[in-house]
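Worksheet for the structure shown next.
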Amino acid sequence: MNVGIMHELSKVGSVRWIATVAALALSSAAAFGQQHYKIDPAASEVHFVLGASDGPVNGSFRVTSGEFTLDPSSGAMTGSIAVDAASGDSGNKKRDKKMTGDQMKAQTYAAVTFSPAKFSGKLNDTSDSTGQVDGTFTLIGQTHPLSVPMNVHMEGGRFTATGEFTVPFVNWGMKDPSFMMFKVEKQVKVQLKLTGTVTN
């Protein structure tokens, strides 16, 4: 074979090899840049405070699952966090049964979920960070946009994220639990604590 042709073929092969290596490197870099967060339900908490005419009602719900992925370079997030809609506990079984059954319709909508889509702020690999998570909140089968200010602590491959937000539950389709002289506010304050592991 002509030496010139062999040389040209050799250059083509080198170019293809370099292109392949570059593509793999970029793919690996993109994958490495992704951070995966897995929530530990047993160590996570959801608390609520609902103003009422005879004093505030305090209670909690149980986190059942959650994991999400974050791209630190863009702030893009995917994933979901689920809370057991039937687990509401305010210390009054009769009230809790009415809350989860009549208001939250837990027999039909077993979970309340939040699907994060965007993190805004600087997230440190260690120590504390603050930012905002934007996503969608699904309650009794209806989805609503929600922004949650978050404080995040990272240490030794684990994270703890805390935030507080308000849910206008009546405007979002839930039945107003007020009756006769007993009146409650039309929105509930939710305090969230998520703990788990983070990997690249």
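So what does the Cα-only Debye profile of region 41-200 read at q = 0.14 Å⁻¹, as log10 I(q)/I(0), no solvent term?
-0.72
May I ask you to derive the FRET efficiency for TRP172 and ASN200 from their Cβ-Cβ distance with R0 = 45 Å, giving the value to the nearest 0.05?
Values: r = 36 Å, r/R0 = 0.81.
So the FRET efficiency works out to roughly 0.80.
Just subtract the alpha-carbon distance of LYS186 and LYS122 from 0.36 nm times their residue separation and send over the number in nm, one decimal. Please list the in-between numbers first.
Working: separation 64, 0.36 × 64 = 23.04 nm, distance 3.40 nm.
The span from LYS186 to LYS122 would gain 19.6 nm if fully extended.
Please list 177-183, 35-41, 143-149 highest first by mean number of surrounding beta-carbon atoms within 10 Å per residue. Please report the intermediate quantities before stating the final value.
Values: 177-183: 11.0, 35-41: 17.0, 143-149: 14.4.
With the highest mean Cβ count within 10 Å placed first, the list reads 35-41, 143-149, 177-183.
Tell me the label-point distance for the pair ASN58, ASP89, using the 7 Å Cα-to-Cβ offset, in nm and rounded to one decimal.
Label at ASN58, label at ASP89, 1.5 nm between them.
What order do you get for GLU185, GLU155 when you list them from fewest to most C-beta neighbours inside 10 Å?
Working: GLU185 18, GLU155 11.
The fewest-first ordering by Cβ neighbours comes to GLU155, GLU185.
Calculate, in whole percent, how much of the Cα-Cα pair population of region 76-135 lies beyond 19 Å. Display every interim value, and only then the final one.
Details: 912 of 1770 pairs.
It works out to 52 percent of all Cα pairs.
Using only the alpha-carbon atoms of region 111-196, report the extent along each of the three principal axes, biggest first, to the nearest angstrom.
Extents along the principal axes: 52, 24, 21 Å.
Each value in this text was obtained by applying a stated rule to the coordinates, not by laboratory testing. Remember, it's a predicted structure, so these values are computed and weren't measured experimentally. Here the Cβ is made from the backbone with ideal geometry for all residues, glycine too, and neighbour counts use every protein chain on show.
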